[in-house]
Amino acid sequence: MKKKTLVVAGAGGNTGSHLLPHLARMSQVERITLVDPDVYDEGNVAVQNIDRMDIGKPKVVAQSDKLRKIDPNLDVTALQERIEDVPRGLLRCDLLVSCLDSRVARQHANEIAWRLNTPWIDCGILGSQNLARVNLYPTAPDAPCLECAWGPDDYSLIEQEYLCGAGSKAAFPSMASSALGALAASMMALETAKLFSGELTEPIAAQQVVFDARNHIVRTSTSRRNPWCRFDHRTWAVRPWRCKPESTTVGAALKALGSVRIEGHRFVLDLICPACHRQERSLRLNRPLARCSACGRRMASAGFGSLENLNQKTAGEYADLTLAQIGLRDGDIVSSGKCEHRLLEAA
Amino acid sequence: MSTNQFSNGDTIYQRFMERQRTEGLALAESSDILRLHIPPMAPPHFVAEYLCKGLIRDAAGEIKEVNRFQVGVWFPNDYLRRADPFEMLRVFTPGVWHPNVSADLPMICIGRLTPNTSLVDILYQIYDILTYQKYNPREDDSLNREACSWARANQDRFPVDRRPLKRRSLNLEVQSL
């Protein structure tokens, strides 16, 4: 049987921390990539599957240590960043699993699953009503995506950080119990096992299972593709392109590929520091942007002038910078021209 | 594979941008205050020129009334799904004196922005700010705290321009009998 690879986004949280040991114990699983930007704090011990020794450690580091103790042969990669910032090539896998706590992160996970043509399992918990939810998104051409079920209200609830603090809606902890997180984790692990054993034969419908632990009710529903969905549902055909971001220049990349775009990000030409108000003109990918060299605050785009695409005309004056200098990394997937997608791989 | 395209190949985003352009130009057409410029990198870029009264602080530190402002509005290609107003907007007029506009950076804060908000709505929001029909009275999340304290002490001066952005149509043609 072919061994499976998994990416777990939100790997260290209430559901993720309970889910990982189940995944590590599955004989089919060969590689797990953990993605989570956070560090464990005091409060996490109450609801997450950790102990006091983990406080202060990055969640992905603490969790990968635990997984290696369960199965020393498991190939574990830890990425301490938000899923939307990870080079997409590093997220290629047989199944994307997400245990995220914000709408915006789920939206990115959805987009990544489609681009990489990977089945996706998402979950959510609602502490106030003791609800645990698991959603299965297969990759069939006409399958629905997360956003197919979204209306204008859902989009207006997307968390966005505002530089002036105007009504920022940051994700807040779900305050769900450890038991509820573990319930969602078990439901996800069972779906994962079914998918890997071939019990769920494709094409399977997109399914949602909600367990209402307060009233002992299980609800299932299926969804359909929404022709007016704001997401385009495109998938990529990725081809390797061997280059070292540290030594390949923007000019050389444009010559080889014609144009360069890193989806989910933009190239910023005018950078500003919201804290010390320093301004800087240079070409950078907003992955997010680097920190201000003067005060350490993360830089922001000055607005209006970002580029979705680099080409000879727009990036000519930056031709001598290397791809690493403008913020590209190994594993980034470059879209060039109409539908070519290339993976940056170290030579 | 179906990718949410209209029969002529337009994506939902292209269709949206076409509508913003039409509606934006129509608003400018029916306004004595607003002019809408579409720079060569169009369609997703617009520069709005407001011939309205507003305030700037000049190099000597004096707060004075001027009657012309330029603000750029750019729509990223994922705008229907997520929106960051700071990435989209840029104030081209230097020295604007307002709690919602930075004194030295080209930033304006129009508050929360829902993805898919129309260009026309954004143009109205910018106008309300420039003319002090709206301003943020709270120093702690203001882009210009000094202007914020100043604004609280000078509330009787606002709004500095009270004309509506859109010309009120008064059809006073005399019909010949």
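The values are calculated or read from the model by the stated rules, or taken from the named source; none is laboratory data. Values in this document were obtained by computation on a predicted structure and should not be read as measured data. Cβ atoms come from the backbone with ideal geometry, glycine included; neighbour counts cover every protein chain shown.
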Positions within the range A:113-129 being in a helix (DSSP H, G or I) and over 20 Å from A:Gly13 (Cα atoms), in sequence order: A:Ala113, A:Trp114, A:Arg115
Residues satisfying the stated conditions in the range A:64-76, i.e. under 19 Å from the mean Cα position of the chain (by Cα) and within 14 Å of A:Arg25 (Cβ to Cβ): A:Val76
Conditions (1) within 14 Å of chain B (Cβ to nearest Cβ); (2) at pLDDT below 95: number failed by A:Arg106: (2)
Residue that is farthest from the chain's Cα centre (by Cα), among those in the range A:292-337 that are of a type in the set (D, E, K, R) and within 12 Å of another protein chain (Cβ to nearest Cβ): A:Lys313
Among the candidates B:Ala103, B:Ala59, B:Ala83, residue that is away from every other protein chain (no Cβ under 13 Å) and modelled with pLDDT under 95: B:Ala59
Some residue of the range A:110-122 being in contact with a strand residue (DSSP E or B) (Cβ under 8 Å, 6 or more places away or on another chain), away from every other protein chain (no Cβ under 14 Å) and of a type in the set (D, E, K, R): yes
Failed condition for A:Glu147, given (1) touching a residue at least 60 places away in the same chain (Cβ under 8 Å); (2) more than 15 Å from A:Asn226 (Cβ to Cβ); (3) surrounded by fewer than 24 Cβ atoms within 10 Å (Cβ to Cβ): (2)
Selection status of A:Trp228, assigned to a loop (DSSP other than H, G, I, E, B) and buried (at least 18 other Cβ atoms within 10 Å of the Cβ): no
Unique residue being under 20 Å from A:Ala193 (Cα atoms), in contact (Cβ under 8 Å) with a residue 24 or more places away in the chain and surrounded by 18 or more Cβ atoms within 10 Å (Cβ to Cβ) when the list is A:Leu90, A:Leu95, A:Leu79, A:Leu100: A:Leu95
Residue match in the range B:141-150 (condition: at pLDDT below 95, in contact with a helix residue (DSSP H, G or I) (Cβ under 7 Å, 6 or more places away or on another chain), surrounded by 20 or more Cβ atoms within 10 Å (Cβ to Cβ) and not hydrophobic (A, V, I, L, M, F, W, C)): yes
Boolean, A:Ala46 is crowded, with 16+ Cβ neighbours inside 10 Å and either at pLDDT 95 or above or outside any strand (DSSP E or B) (or both): no
